[in-house]
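S.K.: Have a look at this one.
The values are calculated or read from the model by the stated rules, or taken from the named source; none is laboratory data. Computed from a prediction, not measured in an experiment: that's the story for all the values here. All Cβ positions, even for glycine, are placed from backbone atoms using ideal geometry, and neighbour counts span all protein chains on display.
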Amino acid sequence: MSILVLQGPEATALKAAALAELSGAAAPEALGVARDARAWRLRGATRREGVAAWCDAQQLDHAWLPAGRRFAELKLLAMDMDSTLITIECIDEIGGFINKKDEIAAITAQAMRGEIDFPASLRRRVALLAGLDEDVLQDVYDEKLRLSPGAEHLITHCKQHGVKLLLVSGGFTFFTERLKERLGLDQTLSNVLEIVDGKLSGRVLGTIVDGDAKAAKFRQMAQRLGATREQTVAIGDGANDLKMMAEAGTSIAWRAKPVVRAKAACVLNYAGLDGVINLFE
């Protein structure tokens with residue numbers, strides 16, 4: 001049996017009741033408030049037709065989920081960094097310090113939509129940063145980097161239930177390692193920018209972290225934890241997250257590109273990252 005979850009800042013008891021009538025579900029069950037969003041769980045829904053269009057028109061997130069999946073039974077939650085855990089694309093913001101943000105952002109967008117090869121796109125973008133003072137990385141972290149809404153609440157909830165946290169990124173260790181320490185994450189995987197004499201060389205050291213590398217790291221950590229597929233969650237926004245998301249029992253597209261939304265089990269366009277909590281019983 002599937003359960004229908006409705007949530008978002010615009011969610012109300014009246015809208016939940018209307019959705020219950022539309023879907024043939026029983027009376028909605030109110031869930032806890034996640035930041036500024038509210039949520040309801042609807043059981044026994046018999047009609048899916050029209051639900052997605054209605055929710056989109058109301059600017060509400062909805063998800064069809066298997067009954068009986070409990071947050072407390074999860075063992076691993078993995079997420080992307082840029083435009084997922086945090087609100088920015090770090091490489092675009094780095095480029096902003098040398099008036100190349102738009103040029104780099106255009107390549108980033110193509111890569112996230114899956115239109116161009118990720119490793120090649122990263123090399124192109126990093127090459128544009130050659131000669132930049134390494135202090136700019138700290139400036140981006142201090143001045144531009146912000147956590148996505150609900151991120152800290154989700155992370156705290158994971159820790160309370162013993163769920164291990166993995167941050168995987170096609171971005172850079174400068175940022176993932178600081179976020180790991182700041183948020184108490186368990187493991188990270190990302191790319192290393194080469195720095196020579198205090199300046200970015202325009203090159204990445206070692207093997208580039210792409211979609212395959214993200215998926216491999218996810219599998220490795222899940223196996224080490226003894227986690228079944230159903231005990232894992234992966235959250236992402238771009239095409240290079242799809243292989244990792246395909247490995248997870250619950251895949252969640254966060255403010256994602258259309259190619260990612262189309263393949264994810266759940267989509268969060270309006271609720272915060274802590275809306276993930278409401279997807280489980």
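S.K.: Within segment 110-123, can you find the residues that are without any contact (Cβ under 8 Å) to a residue 40 or more places away in the chain and within 15 Å of GLY171 (Cβ to Cβ)?
M.R.: Selection gives SER121 alone.
S.K.: Pairs, please: C-beta under 6 Å, at least 6 apart or cross-chain, first residue not assigned by TED's automatic domain parsing to the domain that holds GLY238 and in segment 252-278, second of a type in the set (A, V, I, L, M) and crowded, with 24+ Cβ neighbours inside 10 Å?
M.R.: none
S.K.: Same structure, new question: When you go through LEU76, LEU42 one by one, which is the residue that is under 23 Å from TYR270 (Cα atoms) and in contact (Cβ under 8 Å) with a residue 12 or more places away in the chain? Don't jump to the end; show me each part of the working.
M.R.: On the way: LEU76 fails: under 23 Å from TYR270 (Cα atoms).
After applying the criteria, what remains is LEU42.
S.K.: Return the residues of segment 212-237 that are of a type in the set (A, V, I, L, M) and more than 16 Å from the chain's Cα centre (by Cα); say none if nothing qualifies.
M.R.: Taking segment 212-237 and keeping what is of a type in the set (A, V, I, L, M), we get 213, 215-216, 221-222, 225, 227, 233-235.
Once the filter is applied, which keeps residues that are of a type in the set (A, V, I, L, M) and more than 16 Å from the chain's Cα centre (by Cα), segment 212-237 yields ALA213, ALA216, MET221, ALA222, LEU225, ALA227.
S.K.: For LEU167, only one of the following conditions fails: (1) out of contact with any Lys or Arg (no Cβ under 7 Å at 6 or more places or on another chain); (2) assigned to a strand (DSSP E or B); (3) under 25 Å from TYR270 (Cα atoms). What is its number?
M.R.: Evaluating LEU167 over (1) out of contact with any Lys or Arg (no Cβ under 7 Å at 6 or more places or on another chain); (2) assigned to a strand (DSSP E or B); (3) under 25 Å from TYR270 (Cα atoms) leaves (1) as the failure.
S.K.: So GLN220 fits all but one of (1) of a type outside the set (Gly, Ala, Ser); (2) buried (at least 16 other Cβ atoms within 10 Å of the Cβ); (3) modelled with pLDDT of 95 or more; what number is the exception?
M.R.: Against the list (1) of a type outside the set (Gly, Ala, Ser); (2) buried (at least 16 other Cβ atoms within 10 Å of the Cβ); (3) modelled with pLDDT of 95 or more, GLN220 comes up short only on (2).
S.K.: Output the number of residues of segment 224-251 satisfying the condition of being part of a strand (DSSP E or B) and either touching a residue at least 40 places away in the same chain (Cβ under 8 Å) or within 18 Å of PHE118 (Cβ to Cβ) (or both).
M.R.: Step one: of segment 224-251, the residues part of a strand (DSSP E or B) are 232-236, 250-251.
Among the residues that remain, those that are also either touching a residue at least 40 places away in the same chain (Cβ under 8 Å) or within 18 Å of PHE118 (Cβ to Cβ) (or both) are: 232-236, 250.
Residues flagged as part of a strand (DSSP E or B) and either touching a residue at least 40 places away in the same chain (Cβ under 8 Å) or within 18 Å of PHE118 (Cβ to Cβ) (or both) within segment 224-251 amount to 6.
S.K.: Of the numbered conditions (1) on the phi > 0 side of the Ramachandran plot; (2) assigned to a helix (DSSP H, G or I), ASN99 satisfies every one except a single condition; which is it?
M.R.: (2) is the only condition that ASN99 fails.
S.K.: Those residues that are aliphatic (A, V, I, L, M) and not in a helix (DSSP H, G or I), I need them from segment 140-155; list them, please. So that I can check it myself, show each step before the final result.
M.R.: Taking segment 140-155 first, the residues aliphatic (A, V, I, L, M) are 140, 145, 147, 151, 154-155.
LEU145, LEU147 - these are the residues of segment 140-155 that are aliphatic (A, V, I, L, M) and not in a helix (DSSP H, G or I).
S.K.: Being more than 12 Å from the chain's Cα centre (by Cα), among the aliphatic types (A, V, I, L, M), closer than 23 Å to VAL260 by Cα and crowded, with 22+ Cβ neighbours inside 10 Å is the filter here, so list the residues in segment 75-110 that pass it.
M.R.: Across segment 75-110, the qualifying residues are LEU76, ILE91, ILE104.
S.K.: Something else now. Is at least one residue of segment 25-46 surrounded by 18 or more Cβ atoms within 10 Å (Cβ to Cβ) and on the phi > 0 side of the Ramachandran plot?
M.R.: No - not one qualifying residue is present in segment 25-46.
S.K.: Of a type in the set (A, V, I, L, M), at pLDDT 90 or above and surrounded by fewer than 18 Cβ atoms within 10 Å (Cβ to Cβ), is that true of ALA57?
M.R.: The answer is yes for ALA57.
S.K.: Right, something else. Looking at the structure I just gave you, is THR156 over 27 Å from PHE71 (Cβ atoms) and hydroxyl-bearing (Ser, Thr, Tyr)? Steps first, please.
M.R.: Numbers: over 27 Å from PHE71 (Cβ atoms): no; hydroxyl-bearing (Ser, Thr, Tyr): yes.
So THR156 does not fit the description; no.
S.K.: Another question, then. State all residues of segment 178-223 that are over 17 Å from THR84 (Cβ atoms), assigned to a helix (DSSP H, G or I) and without any contact (Cβ under 8 Å) to a residue 12 or more places away in the chain; if no residue qualifies, say none.
M.R.: Result: GLU181, ALA216, GLN220, GLN223.
S.K.: Which of the numbered conditions does LYS263 fail, given that it passes all the others? Conditions: (1) outside any helix (DSSP H, G or I); (2) within 13 Å of the chain's Cα centre (by Cα).
M.R.: Condition not satisfied by LYS263: (2).
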